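Here's the structure, in structure tokens; my notes come after.
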Amino acid sequence: MAEMIVSKFFYKKEAAPLEYYKKNGNGYAALKKALAMKPDEVIAEVKKSNLRGRGGAGFPTGMKWSFIPKESKVPKYLVCNADESEPGTFKDRAIMTYSPHTMIEGMIIGCYAIGANKSYIYIRGEYVREAEYLEKALEEAYAAGMLGKNIMGSGFDCDMYVHRGAGAYICGEETGLLNSLEGKRGEPRVKPPFPAIKGAFGGPTIVNNVETLANIPWILNNGGEAFAKMGKYPNSGGTRLYCVSGHVNKPGIYEFECGKVTLRELIYDHCGGIRNGRKLKAVIPGGSSAPVLAAHELDIDLDVEPMMKAGTMLGSCGIIVIDDSWCAVKAIKRITHFYAHESCGQCTPCREGTRWLEDVLHRIEDGHGKEADLGLMLDVANNINGKTLCALGDAAAGPVLSFVQKFKHEFEEHIKGGKCPNA
Amino acid sequence: MSKKLLSEKFYSELKKIRPRYPINQAALLPALHLAQAEHGWLSDEVMDEVAAAIDIPPPVVREVVTFYTMYNLKPVGKYHVQVCTNISCALLGAEELMGHCEKRLGIEGGETTRDNKFTITEVECLGSCGTAPCVQINDDYHENMTPERMDKLFTELS
Ligand SMILES: Cc1cc2nc3c(=O)[nH]c(=O)nc-3n(C[C@H](O)[C@H](O)[C@H](O)COP(=O)(O)O)c2cc1C
Ligand code: FES
């Protein structure tokens, strides 16, 4: 494995204290360096690094930061998205457990770069222990003068707080998250205005994923250019944490330079292949919202653009591996149940469409499907896709469309045979 | 004014939390977490007191509470067993695990045992898919679960 940036401390010390981070990881040297630069120079360094957001959309981080207006009559904010609720994704939890200070240091640097004096970590409510680790890390950072007034004598002030969610997938979507931070229902907002113009409490706001922010200290310490050099493709620097789950021998989190590993290599060379000597059936490569790939489609570099070219997405890097003991209809039925459950209900195509899809998938899996059902599902999914306020609609439709397309024979078997062949 | 249902500790914690935000309502989620930690669930009376404590209208509290799955609108058992049955856990036997829990406790998902010890709920992805199946009991995760390990836990907790 190449040099590890984000997983360097994984599985070493739970709630690794500040002293540990300083001794073993150059801790807070990057912040010191950043505070000696002009905010614009920090943004320029991040731009140079070609760091792309790790939350799902892969948006260039430096460019996002540069959208924040320099002058603002209302306070600006930086919010860390620690909602991690995309099924198949479990990397942010490891960062917060083993490397909380890396992310906090990245956040303070981000605040300085965009001129925010207040910052929140929005963490999903279920992560009770991780929220405690973060509270402890924040306390340590305050005590050491890395947070609060006049940080390291720079004149820059910054406060940071943990804000716990309360169970809702949609609060991972950045504007749903902001509403939830404001104490409202986590319903996504109409965009524009984008958060960089009008975000938390009406102020210009950056929302970044945990892993994105955990890369910032390395970039400051080693320079944007060194980061940009890592990875196979020119517009995507650094490493990614690939979360592998499902039917592999060695599930877990694997860090590689962006795009330098293919899906096949990851599954067979690093995760020990498929369990119990079974054969691979399908891979969902970017969290459950990503269109599925069939077993013969594995020779793809794991980076944003190659995955898009292959008709799917890298998303949150949650790679879900399904072997031939599982029924494709059952898998997409479970996934669709999730989207129907989590649809916030604001947009009719998503609210009604996801439930309808779930109903149809239920009856096919139970052996009561009709021949017209395949066409019906495509029609419903196409009427959700691109027709909603936020991307949850697309996240529900894409997987259904891809499963029906790639495993059509299984759906037909269910309908013709009047039962699930696996049942 | 009727007797307060929430403790001194609730009010002193809330006092610490409120200044973190520029508006009152932003303190609502943390306040509800604190209130639920004291009562185990959010009754109408508790919700009204939370509304008064942060000075927002009671209907707003209800509107928010009903959006989130972690706020309990009825009492739960001493141990709230939450079994993830989302895809990565399902692939490794979570549905069977859920069935096993239901059988062992003699209740169905969403119900509480008669002695108020256990509530069992099917939940969505807990962010522990690499160590599936995952079961959250109150605040703690239990990973790589099997029916045997589940039985052991039930025995320990009974
Ligand atoms: C339905 C939905 C759920 C999302 N969930 C998450 C999440 O759990 N964590 C996350 O970081 N981003 C999530 N996102 C993406 C965020 O909206 C946002 O793009 C991201 O936090 C930006 O951070 P980045 O630029 O650092 O990637 C989600 C998006 C959608 C549409
Ligand atoms: S699918 Fe169960 S923890 Fe993610």
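Across the stretch A:182-223, the volume of the C-alpha convex hull divided among the residues equals 106 Å³ per residue.
Please state the shape class of the stretch A:1-119: rounded when a/c is under 1.5, otherwise prolate if a/b exceeds b/c and oblate if not, all from the C-alpha gyration tensor. Cα axes put the stretch A:1-119 in the prolate bin. For the protein assembly as shown, the solvent-accessible area with a 1.4 angstrom probe is 40 square angstrom per residue. Of all the options A:Gly115, A:Gly375, A:Gly55, the one that moves most in a Gaussian network model of chain A with Cα springs shorter than 10 angstrom is A:Gly375.
Divide by every residue of chain A the summed helix terms, -39500 (n - 2.57) for each DSSP H run of at least 4, and state the resulting mean residue ellipticity at 222 nm, rounded to the nearest 500 deg cm²/dmol. -12000 deg cm²/dmol, from helical runs alone. Mean per-residue shielding of peptide A:200-209 is 1, counting Cβ atoms of other chains within 10 Å of each Cβ. For a quick check, take a GNM of chain B with Cα springs below 10 Å and name the residue from B:Thr69, B:Thr113, B:Thr146 with the largest mean-square fluctuation. With Cα springs under 10 Å in chain B, the top fluctuation among B:Thr69, B:Thr113, B:Thr146 is at B:Thr69. Between amide H atoms placed 1.01 Å from N, distances below 5 Å from A:Val261 occur with A:Leu302, all of them 5 or more places distant or on a separate chain.
Rounded to a whole number, what is D in µm²/s for the stretch A:224-278 from Stokes-Einstein with the Kirkwood radius over alpha-carbon pairs (20 °C, 1.002 mPa s)? Rounded, D is 178 µm²/s.
Only helices enter the 222 nm calculation for chain B: every DSSP H run of n ≥ 4 contributes -39,500 (n - 2.57), and dividing by all residues gives -13000 deg cm²/dmol, rounded to 500. Between the helical axis of A:100-114 and the longest alpha-carbon principal axis of chain A there is an angle of about 70 degrees. Size descriptors for the stretch A:247-333: radius of gyration and Dmax over Cα atoms are 12.0, 34 Å.
Cα centroid distance between the stretch A:242-304 and the stretch A:2-43, in Å? Each part reduced to its Cα centre gives a spacing of 29 Å.
Put simply, chains A and B cover up around 3800 Å² of each other's accessible surface, both sides summed, when a 1.4 Å probe is used. Calculate, in whole percent, how much of the Cα-Cα pair population of the stretch B:79-157 lies beyond 19 Å. So the pairs more than 19 Å apart make up 24 percent of the total in the stretch B:79-157. Taking the inverse of the mean reciprocal distance over all distinct Cα pairs, the Kirkwood hydrodynamic radius of chain B comes to 17.1 Å. Using a 1.4 Å probe on the protein heavy atoms, what percent of the accessible area of chain B belongs to carbon and sulfur? Ligands and nucleic acids excluded, carbon and sulfur reach 51 percent. Couplings for the stretch A:382-389, taken from phi via the Karplus curve 6.51 cos²θ - 1.76 cosθ + 1.60 with θ = phi - 60°, read 5, 8, 9, 3, x, 10, 10, 4 Hz in order; Gly and Pro are left as x. For the set B:Val60, A:Val400, solvent exposure ranked by accessible area (probe 1.4 Å, protein chains only) runs largest to smallest as B:Val60, A:Val400. Can you give me the distance in nm between label points at B:Asp140 and B:Lys9, each placed 7 Å from the Cα along the Cα-to-Cβ direction? Here the modelled spin labels are 1.9 nm apart.
Dipole orientation for the protein assembly as shown: of the candidates A:Leu181, A:Cys327, A:Met152, A:Met152 has the Cα lying most toward the positive pole (charges on Cβ; Lys, Arg +1; Asp, Glu -1).
Ranked by the mean number of other Cβ atoms within 10 Å of their residues, highest first, the peptides A:254-263, A:103-112, A:343-352, B:128-137 fall in the order A:103-112, B:128-137, A:254-263, A:343-352.
At q = 0.06, 0.07, 0.09 Å⁻¹ the log10 of I(q)/I(0) for chain A amounts to -0.25, -0.34, -0.56, computed by Debye summation with a single uniform scatterer per C-alpha, solvent ignored. Per-residue extension of 0.36 nm, minus the Cα-Cα distance of A:Lys387 and A:Glu371, leaves a gain of 3.1 nm for this segment. Given in Å, the Rg to one decimal and the Dmax to the nearest whole number for the Cα atoms of the stretch B:8-67 are 10.4, 29.
Other residues lying with their Cβ under 15 Å from the Cβ of B:Arg20 contribute a combined charge of -1, Lys and Arg counting +1, Asp and Glu -1. In terms of the mean number of neighbouring beta-carbon atoms within 10 Å, the peptides A:229-235, B:119-125 order highest first as B:119-125, A:229-235. Around the Cα centre of the protein assembly as shown, unit charges on the Cβ atoms of Lys, Arg, Asp and Glu (plus for the first two, minus for the last two) sum to a dipole of about 1140 debye.
With respect to chain B, whose longest principal axis is taken over its alpha-carbon atoms, helix B:94-105 is tilted by about 80°.
Other residues whose C-beta falls under 10 angstrom from the C-beta of B:Thr69 contribute a net charge of -3, scoring Lys and Arg +1 and Asp and Glu -1.
The values are calculated or read from the model by the stated rules, or taken from the named source; none is laboratory data. Everything quoted here is computed from the prediction, not taken from an experiment. Note that we place each Cβ from the backbone using ideal geometry, even for glycine, and neighbour counts take in every protein chain shown. Protein only, heavy atoms only, side chains kept; ligands, DNA and RNA dropped before computing areas. Shrake-Rupley method; radii C 1.70, N 1.55, O 1.52, S 1.80 Å.
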